[in-house]
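Engineer: I am attaching a structure below and will ask some questions about it afterwards.
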Amino acid sequence: GEISSQVGINYGQLGDNLPSPEKSVKLIQSIGAKRVKIYDANPDILNALRGTDLQVSIMVPNQHLTNISTNQKLADSWIQSNVLPFYPKVKIRYLLVGNEVISSSPKEIWYSIVPAMGKIKNALNTHRLNKIKVGTSMAMDVLESSFPPSNGTFRSDIADPIVKPMLQFLSRTKSFYFLDVYPYFPWSTDSNNINLDYALFESRTIKYTDPVSNLTYSNLFDQMVDSVIFAMEKLGYPDVRIWIAETGWPNAGDIDQIGANIYNAATYNRNVIKKLTAKPPVGTPARPGRVLPSFIFALYNENQKPGPGTERHFGLLYPNGSNVYGIDLRVNASELGSALSYACSQGNKTCDPIQPGKECFKPDSLVWHASYAF
């Protein structure tokens, strides 16, 4: 089936001041998200999602992977406890087995990822839950090199024992490689050489041409995604689809964390949403015209996240539910309105039929009128 380009949101829970799941689900709907990803299978959140139209991604927490990887009964009981009571009233569509395991967990857990994915998939098949795709999320640090993008290569310690069997599983089950992409981090560590506008999708003039592939890049996000695509190609899996499991920009940080502010966060997220929801789809230079399904990080600023200050400031919303900055994950109405005005100002009677009282006028339907005029 055709995968939709509508944007989702990551709903993290590492805060002691966050709204209830019921309130949170209403807020998720109010910002126009069509999907939501949680980092466990929290029954209160899943109950709050019951009967909504939101597609849902749930997660097996990292600490369960080792046991599940060797025990089919345990995988079955995880599905029985965390999926069956909610499905299909909750539109569970994706099940991630661990979160950035290679970046954040001890090495001995790494080798459990793919066997655990297999056991979870078997358990879903047993219950005929074939609509649920199984994957795991990976950060950029699984690459040994990512520049130029054509040089993208997985780390030698994980390429053959972990990544290759994982890609084989994803390819066989027609699932996705779930990728966490944060241009903020490479930019902030190398801001002398990487232009801020290039990282924020704001540059109109800066272009980078990969000397090997001859593909031309106009933003850092595309470079990062394509480096993973080239790395997958080198392992013999050029066609596994990419899902942007997390992307975003911090709205604040510690005093020495440059570029982490509300203006840049709003700019990045508005621009990345515009890219991800474009119709027809834009894709990346290595895969032009392909839909990149996605989740923006994150719903809230989470005050209990460990690490530097930026970690606690990725939210689109403050914990009281108010916007950190104006954002809508759907079509951008104000930009659409100004584009419609421009289309109608060309003096060629384009918009006559959509004037009040004329044959193609629909009250309060900006999208309809824009569709007609464009």
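The values are calculated or read from the model by the stated rules, or taken from the named source; none is laboratory data. These numbers come from a predicted model, not from an experiment. Positions of Cβ are backbone-derived with ideal geometry, glycine not excepted, and every protein chain shown enters the neighbour counts. Just so you know, the surface numbers come from the protein's heavy atoms only, side chains and all, with ligands and any DNA or RNA stripped out. Shrake-Rupley method; radii C 1.70, N 1.55, O 1.52, S 1.80 Å.
Engineer: Which residue is farthest from TYR94 (Cα to Cα), if the candidates are limited to the range 162-187 and must be touching a helix residue (DSSP H, G or I) at 6+ places or on another chain (Cβ under 9 Å) and in a loop (DSSP other than H, G, I, E, B)?
Structural biologist: Taking the candidates together, the pick is PRO183.
Engineer: Restricting to the range 277-289, give me the number of residues that are buried (at least 16 other Cβ atoms within 10 Å of the Cβ) and modelled with pLDDT of 95 or more.
Structural biologist: If we filter the range 277-289 for residues that are buried (at least 16 other Cβ atoms within 10 Å of the Cβ), which is where we start, we get 277, 281-287.
Keeping just the survivors that are modelled with pLDDT of 95 or more gives 283-287.
Total meeting the criteria: 5.
Engineer: Can you name every residue in the range 290-301 that is assigned to a loop (DSSP other than H, G, I, E, B) and open to solvent by less than 10 Å² (accessible area, probe 1.4 Å)? Steps first, please.
Structural biologist: Residues of the range 290-301 assigned to a loop (DSSP other than H, G, I, E, B): 290-293, 298-299, 301.
Result: PRO293, ALA298, LEU299.
Engineer: Something else about it: Go through the residues of the range 325-347 one by one and say whether even a single one is in contact with a Phe, Trp or Tyr (Cβ under 9 Å, 6 or more places away or on another chain) and assigned by the TED database to the domain that holds GLY15.
Structural biologist: For the range 325-347, residues in contact with a Phe, Trp or Tyr (Cβ under 9 Å, 6 or more places away or on another chain) and assigned by the TED database to the domain that holds GLY15: present.
Engineer: Can you report the number of residues in the range 137-148 which are surrounded by 15 or more Cβ atoms within 10 Å (Cβ to Cβ), under 20 Å from the mean Cα position of the chain (by Cα) and not in a strand (DSSP E or B)?
Structural biologist: Qualifying residue count, the range 137-148: 4.
Engineer: Continuing with this model, one more query. Just to verify a result, which residue in the range 29-54, among those that are in a helix (DSSP H, G or I), open to solvent by less than 40 Å² (accessible area, probe 1.4 Å) and in contact (Cβ under 8 Å) with a residue 40 or more places away in the chain, is nearest to VAL83 (Cα to Cα)?
Structural biologist: LEU46
Engineer: Taking the range 168-209 only, how many residues are under 23 Å from ILE38 (Cα atoms) and open to solvent by less than 60 Å² (accessible area, probe 1.4 Å)?
Structural biologist: Qualifying residue count for the region: 13.
Engineer: Now for a different question. Condition check: farther than 15 Å from ASP180 by Cβ and crowded, with 23+ Cβ neighbours inside 10 Å. Does ASP226 satisfy that? Steps first, answer last, please.
Structural biologist: Values: farther than 15 Å from ASP180 by Cβ: yes; crowded, with 23+ Cβ neighbours inside 10 Å: yes.
Criteria met by ASP226.
Engineer: Limited to the range 232-273, what total is found for residues that are of a type in the set (D, E, K, R) and touching a residue at least 60 places away in the same chain (Cβ under 8 Å)?
Structural biologist: 5
Engineer: Right, something else. Based on what the data block shows, is VAL134 assigned by the TED database to the domain that holds ALA116, buried (at least 16 other Cβ atoms within 10 Å of the Cβ), modelled with pLDDT of 95 or more and of a type outside the set (Phe, Trp, Tyr)?
Structural biologist: yes
Engineer: Right, something else. Any residue that is open to solvent by less than 70 Å² (accessible area, probe 1.4 Å), on the phi < 0 side of the Ramachandran plot, outside any helix (DSSP H, G or I) and of a type in the set (A, V, I, L, M, F, W, C) - is there at least one of those in the range 13-28?
Structural biologist: Yes: one or more hits.
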